[in-house]
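Enquirer: Here it is, the structure, as structure tokens.
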Amino acid sequence: MSLIFYSEKCLACGQCVEVCPFGVLKLEGETLIIGDGCNLCGACVEVCEVEALALPAATGPSPRPAVPPDGVWVFAEQRGGVLAPVTAELLGEGRRLAEELQVPVAAVLFGEKVAHLSPALLAAGAHKVYLAEHPRLQDFLEESYAAALTELARQFRPEIILAGATYTGRAFIPRVAAALKTGLTADCTAFAIDLEPRLLLQTRPAFGGNIMATIITPRTFPQMATARPGVFKPRPLEASATGEVIRMGTAFLDAPARSRFVATVEEIKERVPLGAAEVIIAGGRGLKEGKNFRLLEELADLLGAAVGASRAAVDAGWISYPHQIGQTGKTVGPRLYLACGISGAAQHLVGMQSSDFIVAINKDPKAPIFQVADVGLVGDLFEIIPALIQEIKRDRG
Ligand SMILES: Cc1cc2nc3c(=O)[nH]c(=O)nc-3n(C[C@H](O)[C@H](O)[C@H](O)COP(=O)(O)OP(=O)(O)OC[C@H]3O[C@@H](n4cnc5c(N)ncnc54)[C@H](O)[C@@H]3O)c2cc1C
């Protein structure tokens, strides 16, 4: 299948050449040359005012209807019948976006015997729940989950699909986007709506976290994004919320699958899981040696906190990778984040700056961490932390 070109209509204006993201088109004099590598993205078709270019029928991305039939969808991630925290976070954000677009927000719930989770999804902000239950959906399998979401999206045609950029979301959502022939922005940290064209503005860190890129999906449908866990705030729970639970047929999952679930192996245990921690004590290169993390652990034990780390500390082998916070680690949003001997590089900040209250200890008054800190302590962490521990112990008798 290739791009259709009506040479008799072409004015050789060159607009298609300018917009082609792959440099496939060029003008030789008045003649448009279509080179190799066209993936039928449709950018040229859209700008061509005289309709000299067209996509072959039944190929190319799904076109966007003016007002798509269904609203905003949030994939409700659950494991073993327990909803992942990112689900409520995305339902809060999805509801905000849906209200701007004046459409409903739906939670999409897959599993086996998980219908009892529907009230929690309605309480967290969903107007309705699409529910698919099948033995093949009991444990997470990319193949089955992707097939189910693709089928559901084809049937009900949502305008936007959001999922957590968790292990699960990252693993199967790209398959869904590919099957629906639409775009996907991974790992978003902010969303907004451009109302008139009904575009989802999908913002994520790019180029090593040095810039924030805002990405749109103007030509294909639905608009899909995964979002970092811990960035968005859930709505206050509305226990009395009610809504429709729509069960979908799952007969298509009865066909033999290419993969089957064997077991889950838990690899590394964190002392207190970072994702669920209300208080995080994080250490960086300023700790000087791995054994000094014991100081942070002592403070963490007193506060029931989790211990986090910068990549510098992890790379030095002072603490294991599951503790890393930042662009290539975890994103956290605790009530209190205490950064000890961490400079505040952009790649670290992107993983913790949505914390409710940030306290930074650093001996360099110009350290960038102070720009995001609510309270900054300029001084030596080896003096401040033992004093803090002593004070807490004394306070508790
Ligand atoms: C693609 C990419 C991805 C990355 N991903 C991540 C990521 O996920 N997470 C992450 O953290 N980084 C990440 N980084 C690395 C990041 O750029 C920084 O190098 C790193 O965060 C620095 O860690 P740090 O603040 O512990 O060390 P440093 O920048 O060396 O800062 C140490 C700080 O400790 C202070 N200090 C020293 N001694 C004391 C003391 N006694 N008392 C108090 N303060 C003291 C110093 O003043 C200094 O500010 C990434 C980089 C790249 C290029």
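Enquirer: If you line up the Cα atoms of region 139-246 on their principal axes, what length do they span on each, largest first, in Å?
Expert: 41, 35, 33
Enquirer: So how much slack lies between Leu40 and Asn210, counting 0.36 nm per residue of separation and subtracting their Cα-Cα distance, in nm?
Expert: 58.1 nm
Enquirer: Turning to a different aspect of this structure: Cα axis of helix 293-303 to longest principal axis of the chain: angle in degrees, 0 to 90, nearest 10?
Expert: Between the helix axis and the principal axis of the chain, the angle is about 90 degrees.
Enquirer: Taking the Cα centre of region 281-397 as origin, sum charge times position over the Cβ atoms of Lys and Arg (+1) and Asp and Glu (-1), and report the length of that vector in debye to the nearest 20.
Expert: 140
Enquirer: Isolated Cys in the chain by the 4.7 Å beta carbon test?
Expert: Those would be Cys10, Cys13, Cys20, Cys38, Cys41, Cys48, Cys188, Cys340, since no other cysteine Cβ in the chain comes under 4.7 Å of theirs.
Enquirer: Residue separation times 0.36 nm, minus the C-alpha to C-alpha distance between Glu142 and Asp315: what's the value? Each step should come with its number before you reach the end.
Expert: Details: separation 173, 0.36 × 173 = 62.28 nm, distance 3.10 nm.
The span from Glu142 to Asp315 would gain 59.2 nm if fully extended.
Enquirer: What would the Debye equation give as log₁₀ I(q)/I(0) for the chain at q = 0.06, 0.10, 0.14 Å⁻¹, counting only Cα atoms as equal point scatterers?
Expert: -0.31, -0.78, -1.19
Enquirer: Still on this structure, I have one more. Give me the base-10 log of I(q)/I(0) for region 274-395 at each q in 0.09, 0.13, 0.17, 0.21 Å⁻¹, Debye formula, one uniform scatterer per Cα, rounded to two decimals.
Expert: Here log10 of I(q) over I(0) equals -0.19, -0.42, -0.75, -1.21.
Enquirer: Now, a different point. Mind pulling the angle between the C-alpha long axis of helix 142-156 and the longest principal axis of the chain? Nearest 10 degrees, somewhere in 0 to 90.
Expert: 50
Enquirer: Note down the net charge around His134, summing +1 for each Lys or Arg and -1 for each Asp or Glu among other residues with Cβ under 12 Å from its Cβ.
Expert: Numbers: positive: Lys113, Arg136, Arg247; negative: Glu112, Glu133, Asp139, Glu151, Asp254.
Summing Lys/Arg as +1 and Asp/Glu as -1 gives -2.
Enquirer: Which order do the peptides 9-19, 86-96, 177-187 come out in when sorted by mean C-beta neighbours inside 10 angstrom, highest first? Display every interim value, and only then the final one.
Expert: Working: 9-19: 15.0, 86-96: 25.3, 177-187: 19.1.
In decreasing order of mean packing, 9-19, 86-96, 177-187 become 86-96, 177-187, 9-19.
Enquirer: Now, a different point. As I understand it, the value is the acute angle between the Cα axis of helix 381-395 and the longest principal axis of the Cα atoms of the chain; what does it come to in degrees, rounded to 10?
Expert: The angle comes out at about 70 degrees.
Enquirer: Please work out how much length the chain gains when fully extended from Ala54 to Ala387, using 0.36 nm per residue of separation minus the C-alpha to C-alpha distance, in nm with one decimal.
Expert: Going from the current span to full extension adds 112.8 nm.
Enquirer: Same structure again: How high is the FRET efficiency from Val47 to Phe252, r the C-beta distance, R0 30 Å, rounded to 0.05?
Expert: 0.20
Enquirer: Check cross-link reach from Lys128 to the aspartates and glutamates: straight Cα distance under 20 Å, and skip same-chain residues fewer than eight apart.
Expert: Result set, ordered by chain and number: Asp70, Glu77, Glu89, Glu93, Glu99, Glu100, Glu112, Glu151, Glu159, Glu238, Glu244.
Enquirer: Okay, next question. Of all DSSP beta bridges located in the chain, what percent are antiparallel, nearest 5?
Expert: 30
Enquirer: Hey, got the dipole for the chain? About the Cα centre, +1 on K and R Cβ, -1 on D and E Cβ, debye to the nearest 20?
Expert: The dipole magnitude comes to about 720 debye.
Enquirer: Once you've got the GNM for the chain with C-alpha springs shorter than 10 Å, pick whichever of Glu28, Glu278, Glu133 has the biggest mean-square fluctuation.
Expert: Looking only at Glu28, Glu278, Glu133, the largest GNM fluctuation is found for Glu28.
Enquirer: A follow-up question, please. Over region 70-254, what portion of Cα pair distances is larger than 25 Å, expressed as a whole percent?
Expert: Result for the distance tail: 26 percent.
Enquirer: Read phi for every residue in region 320-327 and hand back ³J(HN,Hα) as whole Hz from Karplus 6.51 cos²θ - 1.76 cosθ + 1.60, θ = phi - 60°, with x for Gly and Pro.
Expert: Result, rounded to whole Hz: 7, 4, x, 8, 6, 10, x, 4.
Enquirer: Could you give the nm distance between label points at Lys26 and Glu100, where each point is 7 Å from its Cα heading toward the beta carbon?
Expert: Taking the simple label geometry, Lys26 and Glu100 are separated by 4.1 nm.
Enquirer: Beyond 30 Å between alpha-carbons counts as too far, so tell me which of Lys233/Lys288; Lys291/Lys393; Lys233/Lys291 fall in that bin.
Expert: Flagged as over cut-off: Lys233/Lys288; Lys233/Lys291.
Enquirer: Report the Rg/Rh value for region 322-381, based on alpha-carbon coordinates and the Kirkwood definition of Rh.
Expert: Checking Rg against Rh, the ratio lands at 0.94.
Enquirer: Counting other Cβ atoms within 10 Å of each Cβ, which trypsin sites (Lys or Arg not before Pro) in region 342-397 have at most 13 and sit in a DSSP loop?
Expert: The qualifying sites are Lys366, Arg396.
Enquirer: Which Cα, out of Thr185, Phe75, Ala153, lies furthest along the positive dipole direction of region 70-254 (beta carbon charges, K/R +1, D/E -1)?
Expert: So the residue we want is Thr185.
Enquirer: What chymotrypsin sites (Phe, Trp or Tyr not before Pro) does region 188-261 have in DSSP loop regions with at most 16 other beta carbons within 10 Å?
Expert: Sparse-neighbourhood loop chymotrypsin sites (Phe, Trp or Tyr not before Pro): Phe207, Phe261.
Enquirer: In addition: Evaluate region 187-322: find the radius of gyration of its Cα atoms, find its Kirkwood radius, and give the ratio Rg to Rh.
Expert: Using only Cα positions, Rg/Rh for region 187-322 is 1.08.
Enquirer: So in region 70-254, what percent of DSSP beta bridges are antiparallel if you round to the nearest 5? Mind dumping the intermediate values first?
Expert: On the way: 12 of 39 bridges.
Percentage antiparallel, nearest 5: 30.
Enquirer: Express as a percent, rounded to the nearest 5, the fraction of DSSP beta bridges in region 1-160 (both residues included) that run antiparallel. Present the calculation step by step, with values, prior to reporting the outcome.
Expert: Details: 8 of 21 bridges.
Bridges in region 1-160 are about 40 percent antiparallel.
Enquirer: Suppose each label sits 7 Å from its Cα in the direction of the beta carbon; what would the Glu298-Leu199 distance come out to in nanometres?
Expert: In this crude spin-label approximation the distance works out to 5.6 nm.
Enquirer: Explain nothing, just the number: dipole magnitude of region 70-254 about its Cα centre with +1 on each Lys and Arg Cβ and -1 on each Asp and Glu Cβ, in debye rounded to the nearest 20.
Expert: Working: 18 positive and 19 negative charges, 41 e Å.
Computed about the Cα centre, the dipole is about 200 debye.
Enquirer: Still on this structure, I have one more. Among Ala257, Ala367, Ala305, which one shows the biggest mean-square fluctuation in a GNM of the chain, springs joining Cα atoms closer than 10 Å?
Expert: Ala257
Only the coordinates and a few stated rules stand behind these numbers; no lab work does. Note that the structure is predicted; figures quoted are calculated from it, not measured. Ideal geometry is used to build each Cβ from the backbone, glycine not excepted, and the neighbour counts take in all protein chains shown.
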